[in-house]
Amino acid sequence: MPDEPKLSLVQEAAKANPFNAEALRLSLNGAPVAKKLLTTVPVRKPSKEEFFRVHTDPEFSLTTMLLKYDGDFYLVLPSMVSEVGPDGQPFTLYTCINRVGVVTLWPVRIPGPDEVRSNGWWDSAHEAAEMAKRKWLRLSSNKSLAAYEISTAEIRLPEPEWPEKTMDELLELAFKKQVIASPDSDILKMLKGRI
């Protein structure tokens with residue numbers, strides 16, 4: 001009969017007492033117990049309390065038409081731009097990540113075809129987005145300046161760990177039920193007084 005493998009002290013303790021805390025303790029040095037899934041991507045400006053980075057790959061920035069209604073953003077399909085009319089506005093969506101790994105799409109306004117110029121808020125936001133491709137930043141409003149103030153982290157922070165998602169997948173997560181794809185869209189009916 002072959003020799004039975006010897007049990008470690010922890011295994012022996014677990015065998016003797018199945019409620020032994022030391023025997024039940026998980027080792028955090030091994031493989032992770034769970035993998036966090038990305039299921040929601042907020043569409044918002046980074047908060048003034050968080051340091052953030054912007055994805056460096058141009059594929060992760062998108063200039064498109066959005067409609068903002070009651071604090072929410074709606075993605076306007078190109079075929080619906082004329083239907084939405086002046087309620088839709090052009091934005092650049094920047095893919096951001098904060099220090100705790102929350103991925104967001106940051107909508108920054110750009111001048112539309114009938115707008116002559118930009119403004120300090122838009123310009124400073126685009127400048128911050130470009131800077132955040134290289135370093136961790138924090139953004140705060142300065143009404144006296146009529147622009148955002150940009151602060152950089154004073155210590156060297158690790159590079160962000162981006163999720164393995166395409167821009168298409170991020171857009172789908174961000175605008176799940178907030179796409180204007182037809183004239184029968186509830187938000188369009190509301191804007192036109194049909195409901």
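The values are calculated or read from the model by the stated rules, or taken from the named source; none is laboratory data. Everything numeric here is computed off the predicted structure, so don't read it as measured data. Here Cβ is always computed from backbone atoms with ideal geometry, including for glycine, and neighbour counts include all displayed protein chains. All accessible areas refer to the heavy atoms of the entire protein, side chains included, with ligands and DNA or RNA removed. Shrake-Rupley method; radii C 1.70, N 1.55, O 1.52, S 1.80 Å.
Any idea which residue in segment 82-108 is farthest from Met131 (Cα to Cα), counting only those that are open to solvent by 50 Å² or more (accessible area, probe 1.4 Å) and not in a strand (DSSP E or B)? Explain how you work it out, then say what you get.
Taking segment 82-108 as the starting set, the residues that turn out to be open to solvent by 50 Å² or more (accessible area, probe 1.4 Å) are 82-83, 86-87, 89, 99-100, 102.
Next cut, not in a strand (DSSP E or B) only: 82-83, 86-87, 99-100, 102.
Values: Ser82: 34, Glu83: 36, Pro86: 31, Asp87: 30, Arg99: 16, Val100: 20, Val102: 19 Å.
It comes out as Glu83.
What's the number of the only condition in (1) closer than 22 Å to Gly101 by Cβ; (2) touching a Leu at 6+ places or on another chain (Cβ under 9 Å); (3) buried (at least 16 other Cβ atoms within 10 Å of the Cβ) that Tyr148 fails to meet?
Tyr148 satisfies all of (1) closer than 22 Å to Gly101 by Cβ; (2) touching a Leu at 6+ places or on another chain (Cβ under 9 Å); (3) buried (at least 16 other Cβ atoms within 10 Å of the Cβ) except (1).
Show the residue pairs meeting these rules: Cβ distance below 6 Å; 6+ apart or different chains; first residue within segment 148-166 and farther than 22 Å from Ser61 by Cβ; second residue surrounded by fewer than 10 Cβ atoms within 10 Å (Cβ to Cβ) and among the β-branched types (Val, Ile, Thr).
Here the result reads none, with nothing in segment 148-166 linked to a residue that is surrounded by fewer than 10 Cβ atoms within 10 Å (Cβ to Cβ) and among the β-branched types (Val, Ile, Thr).
From the residues in segment 40-56 that are touching a Leu at 6+ places or on another chain (Cβ under 7 Å) and either more than 27 Å from Glu149 (Cβ to Cβ) or among the β-branched types (Val, Ile, Thr) (or both), which one is least open to solvent (accessible area, probe 1.4 Å)?
That would be Val41.
For segment 57-70, enumerate the residues that are open to solvent by less than 70 Å² (accessible area, probe 1.4 Å) and under 15 Å from Leu191 (Cβ atoms).
Initially, segment 57-70 is screened for residues open to solvent by less than 70 Å² (accessible area, probe 1.4 Å), giving 57, 60-62, 64-67.
Once the filter is applied, which keeps residues that are open to solvent by less than 70 Å² (accessible area, probe 1.4 Å) and under 15 Å from Leu191 (Cβ atoms), segment 57-70 yields Met65, Leu66, Leu67.
Scan segment 66-81 for residues that are over 18 Å from the mean Cα position of the chain (by Cα) and either polar (S, T, N, Q) or not in a helix (DSSP H, G or I) (or both) and report the count.
Result for segment 66-81: 6.
Does Arg109 count as in contact (Cβ under 8 Å) with a residue 60 or more places away in the chain and either among the β-branched types (Val, Ile, Thr) or within 23 Å of Ser61 (Cα to Cα) (or both)?
In short, no.
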